[in-house]
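Some notes on the structure that comes next.
What follows draws every value from the coordinates through simple rules; no lab data is involved. None of the values given here were measured: they were computed from a predicted structure. Don't worry about glycine lacking a Cβ; one is built from the backbone with ideal geometry, like all the others, and counts go over all protein chains shown.
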Amino acid sequence: METARALVIGLGNPGIEYQRTRHNAGFAVLGILADRHSARFRRSVLGPRAETAHVVLGAVDVLLVRPLTYMNLSGEAVRPLVRKAGYTEQEILMVYDDMDIPFGRVRVRPGGSPAGHKGAGSVIAVVGTDRLPRIRIGIGRPHDGVDTADFVLAPVSGRDRPEWDRALERAADAVEVAVLEGVEAAMNRFNGGGGS
């Protein structure tokens, strides 16, 4: 009997200057998961353009992946993992920030358009389908006159930080539920209001 497995891709940008930014929500969530399960990220043996950590959730072998290509080329980091290791669309889960969701909310979707998110679009293009489940962390929209790139690449402010940290923890919870119980269970638990 084959072991159940999952490939969880957290989107973000490498480098210390991006660590606490809105656009690095995916990286942050995977960092929380690695910490929870005493795992460490290392440069991937399947490709030098990603770092990976291995955790076990229940009976599922989970490979956490953080692309090192910068956001817009995330799919290039994922390509060797998908091709060489043969992960299917049902085994892949993406985690990333979303401006169309209110700040601090977590939303789970079974698939669909990347809605302008270039990192998600890059992964979808490489895998060849938009039927990839995803967990999105709401970052809200910038105020009038604030450049979108400046907004997503700015650190979350001290006043908003507690709510942001709670959202990241909820997103990590949602990953665990999606892997262990399925995407529909995660949708039911986290898509109503602020999550559980």
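Annotations for the structure displayed:
- Shape call, the stretch 28-94: gyration tensor on alpha carbons, a/c limit 1.5: oblate
- Summed side-chain charge close to Ala125 - residues other than Ala125 whose Cβ falls under 11 Å, Lys, Arg +1, Asp, Glu -1: 0
- Think of each Lys and Arg Cβ as +1 and each Asp and Glu Cβ as -1; about the Cα centre, that makes the dipole of the stretch 4-190 roughly 360 debye.
- Computed from backbone phi with θ = phi - 60° and the Karplus coefficients 6.51, -1.76 and 1.60, the 3J(HN,Hα) list for the stretch 25-30 is 4, x, 4, 5, 5, 5 Hz; x is used for glycine and proline.
- Ranking Ala28, Ala171, Ala77 by Cα position along the charge dipole of the chain, where only Lys, Arg, Asp and Glu carry charges on their C-beta atoms, puts Ala77 farthest toward the positive end.
- Computed from the C-beta positions of Arg83 and Asp144, the FRET efficiency with R₀ = 35 Å rounds to 0.20.
- Other residues whose C-beta falls under 14 angstrom from the C-beta of Met71 contribute a net charge of 0, scoring Lys and Arg +1 and Asp and Glu -1.
- Taking Cβ atoms as reference points and 10 Å as the exclusive limit, the residues near Leu30 contribute a net charge of -1, counting Lys and Arg as +1 and Asp and Glu as -1.
- Most mobile listed residue (Ala154, Ala186, Ala53) in the chain, GNM with C-alpha springs under 10 Å: Ala154
- Those trypsin sites (Lys or Arg not before Pro) in the stretch 108-196 that DSSP places in a loop and that have at most 11 other beta carbons within 10 Å: Arg159
- Global geometry of the stretch 1-115, whether rounded, prolate or oblate, following the gyration tensor of its Cα atoms and the 1.5 cut on a/c: rounded
- Ranking Ser122, Tyr96, Val56 by Cα position along the charge dipole of the stretch 4-190, where only Lys, Arg, Asp and Glu carry charges on their C-beta atoms, puts Val56 farthest toward the positive end.
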